[in-house]
Amino acid sequence: METAARVDALLDSVQRPARYIGGEMNAAAKPWEAAAVRFALCFPDTYEVGMSHLGMKILYEIVNSRPDTLCERIFAPWVDMADLMRGRGVPLFSLESRRPARDFDVVGFTLQYELCYTSVLAMLDLAGIPLETKDRGNGDPIVIAGGPCAFNPEPLHAFIDAFCLGDGEELIGEVLDAVRAAKAAGEDRLACLSRLAAVEGVYIPAFYEATYQTDGRLDSFEPKRAEAKAILRKRVVANLDAAPFPQRFIVPFQEIVHDRIMLEIMRGCTRGCRFCQAGMLYRPVRERGVDTLLSLAEKLLASTGYEEMSLSSLSTGDYTRLEALVRRLSDRFENSRVSLSLPSLRLDKDLHESLALAQKVRKGSLTFAPEAGTQRLRDVINKGVSEEDLLRTARDAFAAGNGAVKLYFMIGLPTETDEDIDGIVRSARLVSDEYFKIPKGERPRGLRVSVSVSSFVPKPFTPFQWAAQDTMERLREKQNRLRAGLKAVKGAAFHWHDPQASFLEACFSRGDRRLSGVLLEAWRRGCRFDGWSEQFRFDTWMEAFAACGLDPAFYANRERAGEELLPWAFIGAGVTQAYLWEERARSLAAEVTKDCRESCNGCGLMEVCFPCA
């Protein structure tokens with residue numbers, strides 16, 4: 001029986017069969033035989049999560065726009081489907097043609113979150129592709145990976161043949177060119193990897209060797225082949241207006257997490273929040289023009305039928321022509337009843353006009369991120385917002401008819417005290433009070449102040465990459481303190497992250513090559529879909545660490561010294577380690593660093609920093 005028929009036979013027995021059927025509007029249907037290179041674009045999570053990811057949409061469009069390549073999507077089957085597939089011998093398959101994943105030339109994963117790593121192994125295993133690179137032969141696909149987690153690739157080094165660093169719009173084409181050339185020349189796997197090593201921004205883990213000191217710290221990291229570069233530099237797309245962007249989104253048959261049009265209005269952020277990895281990795285800031293965005297919006301709405309559009313970026317309020325863009329989009333689409341949403345808003349921006357325009361069609365909740373509860377701690381993390389910024393923005397939101405406000409905070413930040421925790425409660429209370437200052441007949445109905453609190457995870461390429469994470473016990477104490485305090489705040493709802501999951505995230509965020517053994521052991525013991533609370537098995541993870549003779553606290557709860565060799569030190573992300581260390585010192589003194597669009601702070605990106613050059 002063909003794979004497609006065998007898949008169809010399983011669909012009546014699983015939740016959400018729409019995850020596996022394919023055939024959606026705007027999906028590609030390219031002939032298999034005509035493609036010189038076949039690329040399986042894999043997302044190590046469920047369909048509804050992966051289909052919400054903008055980066056996948058962009059790469060799908062780029063690869064399928066080439067006449068010599070095809071791209072098909074593969075998502076992680078949920079546990080019910082995966083178990084049925086394994087029991088009945090059905091291999092991991094693509095949605096477009098129902099081809100087995102192992103038939104593709106390249107299998108590429110996007111790595112957005114450390115707790116998806118077991119899903120990478122589960123997908124490789126279900127595909128029948130050897131898990132470890134050392135066991136793959138010439139008939140196996142080249143397995144690549146990209147995304148923010150690729151900036152510390154070491155915990156996955158044993159399983160991924162090649163990592164792609166930085167913006168993918170140009171890089172993916174060069175990777176496919178290298179694979180096509182190797183395939184046309186009849187070269188073996190090693191020769192293909194050597195071609196890939198020559199591509200700027202591509203890291204081949206098998207071409208490097210690490211050694212360790214007796215106390216567990218990294219001692220050395222060196223290339224062991226001539227074609228392996230000592231420093232791997234990330235790729236940067238200079239001009240977003242000229243960069244490819246989809247003009248048609250695939251329209252799913254089921255609801256997905258972000259079921260709307262996403263317009264990426266800018267990339268990068270100049271604010272310099274010291275905990276924020278994305279703000280460092282995606283520098284420099286590049287904006288799309290208003291005319292370009294209006295044209296994309298028209299084409300996407302015509303090709304999808306969506307009635308909601310989100311303006312996407314790390315800090316939407318920092319887009320320099322936001323009011324003009326929102327006004328033109330509102331004028332163009334208001335009569336079509338298309339609503340606009342503005343995520344990632346800065347509290348220190350005057351967004352009254354933009355908010356009013358965006359909410360003309362449909363009002364929804366607005367999200368703001370004070371991050372910390374006191375001005376001292378906001379200065380430590382370089383957030384650059386004040387209490388008055390928060391209250392002014394809340395007033396604007398309530399006055400515009402929005403009764404629902406989401407506030408994002410982080411606990412466990414370096415230098416945090418109980419006073420800072422109490423400051424979160426105070427901030428929520430002051431926001432609630434602003435609502436009740438509006439006369440009863442004029443304020444929106446149904447106040448909701450959602451206070452969402454995550455736990456600080458130290459990330460590579462940030463000023464806090466050397467910091468220790470709070471212990472799980474201390475994080476729970478802080479959560480309990482918040483829970484008790486927020487009970488007295490009218491309209492407040494408290495949401496928090498599991499400290500165990502944050503602890504594991506910290507381990508893999510700053511992990512070294514030895515964690516690949518822990519990952520493999522945890523997967524063999526049954527760990528999968530670790531980002532889903534109902535599947536997360538913390539005790540099993542701790543058993544895996546013990547079986548491998550490693551202490552997870554060594555990775556999560558240990559302060560690093562400035563001279564320690566970090567596992568990701570061989571990657572050139574643009575921002576220098578010297579600058580990050582200087583920012584660390586400024587944070588400990590609670591000194592604020594200005595937005596680099598106001599003045600260059602010397603982060604190391606001058607040669608590619610287009611706003612500064």
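The values are calculated or read from the model by the stated rules, or taken from the named source; none is laboratory data. Given the structure is predicted, the values throughout are model-derived calculations rather than measurements. Because the Cβ atoms are built from the backbone with ideal geometry, glycine has one as well, and the counts that use them run over all protein chains shown. The area values use the complete protein model at the heavy-atom level, side chains included, leaving out ligands, DNA and RNA. Shrake-Rupley method; radii C 1.70, N 1.55, O 1.52, S 1.80 Å.
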For the chain, the Debye formula with one identical point scatterer on each Cα and no solvent gives log10 I(q)/I(0) at q = 0.08, 0.10, 0.12 Å⁻¹ as -0.58, -0.95, -1.42
What does the net charge come to around Ala242 if you take all other residues with beta carbon closer than 12 Å to its beta carbon, with K and R at +1 and D and E at -1? -1
How big is the dipole moment of the chain about its Cα centre under a simple scheme where the beta carbon of each Lys and Arg is +1, that of each Asp and Glu is -1, and everything else is neutral? Debye, nearest 20, please. 1200 debye
I'd like to know which of Leu92, Ala206, Asn382 lies farthest towards the positive end of the charge dipole of the chain, counting +1 on Cβ of Lys and Arg and -1 on Cβ of Asp and Glu. Asn382
How big is the accessible area of Asp215 in square angstrom, nearest 10, if you roll a 1.4 angstrom probe over the protein chains? 80 Å²
How high is the relative contact order of the range 481-613, in percent, with contacts defined as C-alpha pairs under 8 Å that are six or more residues apart? 18 percent
Return the long-range amide H neighbours of Met25 (sequence gap of 5 or more, or a different chain), with a cut-off of under 5 Å between placed amide H atoms. Val251
FRET efficiency for Arg476 and Ala181, using Cβ-Cβ distance with R0 set to 41 Å, rounded to 0.05: 0.15
Give me, ordered by chain and number, the residues 5 or more places off Arg233 or on other chains with an amide H under 5 Å from its own placed amide H. Gly201, Gly572
Please compute the net charge surrounding Gly216, taking Lys and Arg as +1 and Asp and Glu as -1 over other residues with Cβ under 13 Å from its Cβ. +1
Give me the distance in nm between label points sitting 7 Å out from Cα along the Cα-to-Cβ direction at Lys487 and Glu563, one decimal. 5.1 nm
With θ taken as phi - 60° and the coefficients 6.51, -1.76 and 1.60, list the Karplus ³J(HN,Hα) couplings across the range 440-449 in order, rounded to whole Hz; mark glycine and proline as x. 3, x, 9, 7, x, 7, x, 5, 9, 10
With a 1.4 Å probe and all protein chains kept in place, how do Asp177, Asp379 rank by accessible area, largest first? Asp177, Asp379
Å² of accessible area per residue within the range 235-341, as computed with a 1.4 Å probe and no ligands counted: 37 Å²
Karplus couplings for the range 278-287 from phi (6.51 cos²θ - 1.76 cosθ + 1.60, θ = phi - 60°), rounded to Hz, Gly and Pro as x? 4, x, 8, 5, 9, 5, x, 6, 9, 10
Accessible area (Å², 1.4 Å probe, nearest 10) - Lys183: 90 Å²
In whole percent, and with a 1.4 Å probe on the protein chains, what portion of the accessible area of the chain is carbon and sulfur? 49 percent
Just the number, please: Stokes-Einstein D of the range 4-80 in µm²/s, Kirkwood Rh from C-alpha pairs, 10 °C, 1.306 mPa s. 117 µm²/s
Below 8 Å between Cα atoms, with a sequence gap of 6+, how large is the relative contact order for the range 1-104 in percent? 36 percent
Place a +1 charge on the Cβ of each Lys and Arg in the range 365-453 and a -1 charge on the Cβ of each Asp and Glu, then give the dipole magnitude about the Cα centre in debye, rounded to the nearest 20. 540 debye
Return the sequence-ordered ³J(HN,Hα) values of the range 244-255 in whole Hz as given by the Karplus equation 6.51 cos²θ - 1.76 cosθ + 1.60 applied to θ = phi - 60°, using x for Gly and Pro. x, 8, x, 9, 9, 9, 5, 9, x, 7, 10, 5
Entries of Lys57/Lys459; Lys229/Lys383; Lys134/Lys183; Lys234/Lys406; Lys459/Lys490; Lys383/Lys478 with Cα pairs more than 24 Å apart: Lys57/Lys459; Lys229/Lys383; Lys234/Lys406; Lys459/Lys490
When every protein chain stays in place and a 1.4 Å probe is rolled, Trp496, Trp466 sorted by accessible area with the largest first are Trp496, Trp466
In whole percent, what relative contact order does the chain give with Cα contacts below 8 Å and a gap of six or more residues? 14 percent
Charge sum, other residues only, whose C-beta stays under 12 Å from Phe275's C-beta, Lys/Arg counted +1 and Asp/Glu -1: +3
Paramagnetic reach from Thr415 in the range 556-588 [backbone N under 14 Å; point 7 Å along Cα→Cβ]: 582-588
With R₀ set to 22 angstrom, the calculated FRET efficiency between the beta-carbons of Asp259 and Ile438, to the nearest 0.05, is 0.10
What figure in square angstrom, to the nearest 10, would you give for the accessible area of His157 with a 1.4 Å probe? 40 Å²
Using the Cα centre of the chain as origin and beta-carbon charges of +1 (Lys, Arg) and -1 (Asp, Glu), tell me which of Ala544, Leu293, His157 is placed farthest towards the positive end of the dipole. Leu293
What nm value, rounded to one decimal, do you get for the distance between Ala578 and Ala230 when each label is placed 7 Å out toward the C-beta? 1.6 nm
5 Å is the cut-off here: which amide hydrogens, built 1.01 Å from N in the peptide plane, fall below it relative to Arg16, excluding neighbours closer than 5 in sequence? none
When the convex hull of the C-alpha atoms of the range 99-219 is computed, what volume per residue in Å³ does it have? 120 Å³
Can you work out the accessible area per residue across the range 485-613, with the rest of the protein chains kept in place, probe 1.4 Å, in square angstrom? 45 Å²
Test of understanding: what is the full-extension gain from Lys134 to Ala242, defined as 0.36 nm times their sequence separation minus their Cα-Cα distance? 34.9 nm
Computed for the range 106-260: size of charge dipole around the Cα centre, +1 on C-beta of each Lys and Arg, -1 on C-beta of each Asp and Glu, debye to nearest 20, value 260 debye
